[in-house]
Amino acid sequence: MLAMNKIKILGTTAIVIAASIVATSCKDRRSTGWEYAPNMYEHTAYDPDQPNSQFKDGKTAQVPPAGTIPVGFKKFDYPNTREGYDKASLEVASLIAQTPKHLAEGKVLFTTFCSPCHGTTGEGDGLVVKHGYPAPPSYSKGQSSRGGAMKDLTDGKIYHTITYGVNSMGSYASQIAPEDRWKIVMYVHQLQKL
Ligand code: HEC
């Protein structure tokens, strides 16, 4: 008796489910059916690719006005020229707090990005140099190809070099965020004193 009831209940449930699927699916071919929390799909904000009468060109995705920078972003307004390098040397100073934590992070970043050429102690004896790559000058004893001793390189000169590169050293602007570049600069200053 009980077993029969169970089968009946299951059967009825199956019929109800099947009937509701049939009833809801054939209403309108283009309809997606019932939506749960429709605000998630049909939000009030414009999508970037949607037409928009609020703007002259009728587009939602607007190009930011020339010179726009993200909030909190500090522009490094020195071109990749000899003049830009010299100007940065005079005007630019580190933007981050000189803390042991930043120095330790600078060491890790330096080891990853710079030590393959400059060596872990900045002597210019990294692994790729041992395999024949042109050796960079030592931070503590060498001479810069742009004049002056490497140990006297300023915040601005080192930051400019990381940002743009110099001769056979490439730019690290796309790999290393500005704040991380400043951490590396801190660590290079440490290596200049060795
Ligand atoms: C692919 C090898 C290589 C890597 C990696 C590299 N450098 Fe260099 N770097 C060089 C060479 C070679 C020079 C010397 C270029 C010249 O003056 O002709 C140099 C020069 C420099 C100078 C001296 C600039 C000047 O004004 O004379 C600094 C500072 C410097 N590198 C910092 C860094 C830092 C910081 C990193 C890591 C973010 C780094 N380099 C990564 C090869 C490299």
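The values are calculated or read from the model by the stated rules, or taken from the named source; none is laboratory data. In this text, all values refer to a predicted model and were calculated from it rather than measured experimentally. Positions of Cβ are generated from backbone atoms using ideal geometry, with glycine treated the same way; all protein chains shown enter the neighbour counts.
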Subset of segment 75-89 (residues that are part of a loop (DSSP other than H, G, I, E, B) and surrounded by 10 or more Cβ atoms within 10 Å (Cβ to Cβ)): F76, D77, Y78, P79, N80, T81
Considering residues of segment 110-123 that are more than 8 Å from the ligand (Cβ to nearest atom) and assigned to a loop (DSSP other than H, G, I, E, B) only, the residue nearest to Y159 (Cα to Cα): G122
Residues of segment 57-110 satisfying the condition of being more than 18 Å from T161 (Cα to Cα), in contact with a Pro (Cβ under 8 Å, 6 or more places away or on another chain) and among the aliphatic types (A, V, I, L, M): A61
Selection within segment 59-68 - assigned to a loop (DSSP other than H, G, I, E, B) and surrounded by 10 or more Cβ atoms within 10 Å (Cβ to Cβ): T60, A61, Q62
Number of positions in segment 150-182 that are within 8 Å of the ligand (Cβ to nearest atom) and not in a loop (DSSP other than H, G, I, E, B): 9
Contacts under 6 angstrom Cβ, first residue in segment 169-194 being of a type in the set (S, T, Y), partner within 8 Å of the ligand (Cβ to nearest atom), 6 or more apart: S171/G165; Y172/I162; Y187/F110
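Quick one: is A45 within 31 Å of the chain's Cα centre (by Cα), in a loop (DSSP other than H, G, I, E, B) and at pLDDT below 90?
On the way: within 31 Å of the chain's Cα centre (by Cα): yes; in a loop (DSSP other than H, G, I, E, B): yes; at pLDDT below 90: yes.
It is true that A45 is within 31 Å of the chain's Cα centre (by Cα), in a loop (DSSP other than H, G, I, E, B) and at pLDDT below 90.
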Test: residue in segment 93-104 that is within 12 Å of the ligand (Cβ to nearest atom) and not in a loop (DSSP other than H, G, I, E, B): no
Residue among G132, G147 that is loosely packed, with under 13 Cβ neighbours inside 10 Å, more than 10 Å from the ligand (Cβ to nearest atom) and assigned to a loop (DSSP other than H, G, I, E, B): G132
Count of residues meeting criterion [in contact with a His (Cβ under 9 Å, 6 or more places away or on another chain) and touching a residue at least 40 places away in the same chain (Cβ under 8 Å)] in segment 126-168: 2
For K141: the one exception among (1) more than 10 Å from the ligand (Cβ to nearest atom); (2) touching a strand residue (DSSP E or B) at 6+ places or on another chain (Cβ under 9 Å); (3) under 28 Å from F73 (Cα atoms): (3)
Any hit, segment 89-109, residues being small (G, A, S) and touching a Gly at 6+ places or on another chain (Cβ under 8 Å): yes
Test: residue in segment 98-108 that is in contact with a helix residue (DSSP H, G or I) (Cβ under 6 Å, 6 or more places away or on another chain), within 13 Å of V188 (Cβ to Cβ) and free of Cβ contacts under 8 Å to residues at least 40 places away in the same chain: no
